[in-house]
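Student: I'd like to ask some things about the structure below.
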Amino acid sequence: MQNERKKLEELNLLDDFLFNAMMTYPEMGEEFTRKILKLLFNKEFRNLKVIAQKSYGGLNTDLRGARLDVYVESDDSAEIDAAEDMSIYDLEPDKNDKAKYVAAFPQRIRFYHAIIDSRSLKSGEDFGKLKRVYVIFICNYDPFGYDRVKYTIRNMCVEEPEMPYDDGAQTTILYTKGTKDDNISEELRQFLNYMENTTQTNAVNDTLKDIQKMVDIVKRDGEVSLSYMKGFERDTMMYEKGQEAERQNTERERQRADSAEKARDEAENARIIAEEEKVKAQKEAAEALKRIEELEKELKRTK
């Protein structure tokens, strides 16, 4: 329900609005992104270009597009889709734990990679210049059911699984409640817990304390608060429009049902009347036949 929406101060970093507000906040978004990528890949990222809510339209109006929550280009990027950009990182906080979304999770990964790749190589360029793409999901549910903190997915040769095959595509899924994974650092475990429970109490190391300071700044910012309220009003309006559309659809269905029921009633009444008329006609025919027989008998007696 719309009236159950969280207040801004209650949002966690797994909530799309806060995560994207952090990524796009002036003079802070890239630092926030660097800290997250360092936690995930255990290396420094000095040159980043961060674009929150990057949208890719379908190639024509009949094809589906995609909206990437956070799209990051590294290695001294100057322009979007510039050839010298060697890596793209798509960060996706994700709470879509409904069964139909979980069942289609591998297809969703495939689609994200495909649509990024389709925009990252200019016409005529050599395939060797195709950027490395890392799609990273941070989930509060387990999409595969193995209770792992981290799932790393790359393409491979089935017949020769040890054969080197690096096409530059990698997907990492991080499950905030996972317990299995000996190679996960304690700092990353703490970060995943913090993503789902973004509070001062859970900011238990220096990196998370720095992030918490950033979170506090963003949550206290009037423009961010106004944007959140506008988003709430927009969502409420869309919800109400949806409710009205549903009400109208329900009313149309009710009218159709009433019309169908009325038609059935009329048909049944017509059937009953027809049956009564048939019985009446048969009765009248029987009576007429009886009179004829009586007349024939009378004629015989008078001869």
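Since every read-out is calculated from the coordinates, none of them should be taken as a lab result. Everything quoted here is computed from the prediction, not taken from an experiment. Cβ: placed from backbone, ideal geometry, glycine included. Neighbour counts: every protein chain shown.
Student: Taking 8 Å as the Cα distance limit and 6 or more residues as the minimum spacing, I'd like the relative contact order of region 113-175 as a percentage. Show your work: numbers first, answer last.
Tutor: Working: 76 pairs, mean separation 24.7, N = 63.
For region 113-175, the relative contact order is 39 percent.
Student: What trypsin sites (Lys or Arg not before Pro) does region 93-167 have in DSSP loop regions with at most 10 other beta carbons within 10 Å?
Tutor: Numbers: sites: Lys95, Lys98, Lys100, Arg108, Arg110, Arg119, Lys122, Lys129, Lys131, Arg132, Arg148, Lys150, Arg154; in loops: Lys95, Lys98, Arg119, Lys122, Lys131, Arg154.
Sparse-neighbourhood loop trypsin sites (Lys or Arg not before Pro): Lys98, Lys122.
Student: Across region 199-216, in residue order, what do the Karplus-derived ³J(HN,Hα) couplings come to in whole Hz, using 6.51 cos²θ - 1.76 cosθ + 1.60 with θ = phi - 60° and x for Gly and Pro?
Tutor: So the J values, rounded to whole Hz, are 9, 4, 4, 8, 7, 9, 9, 4, 4, 5, 5, 5, 5, 4, 4, 5, 4, 4.
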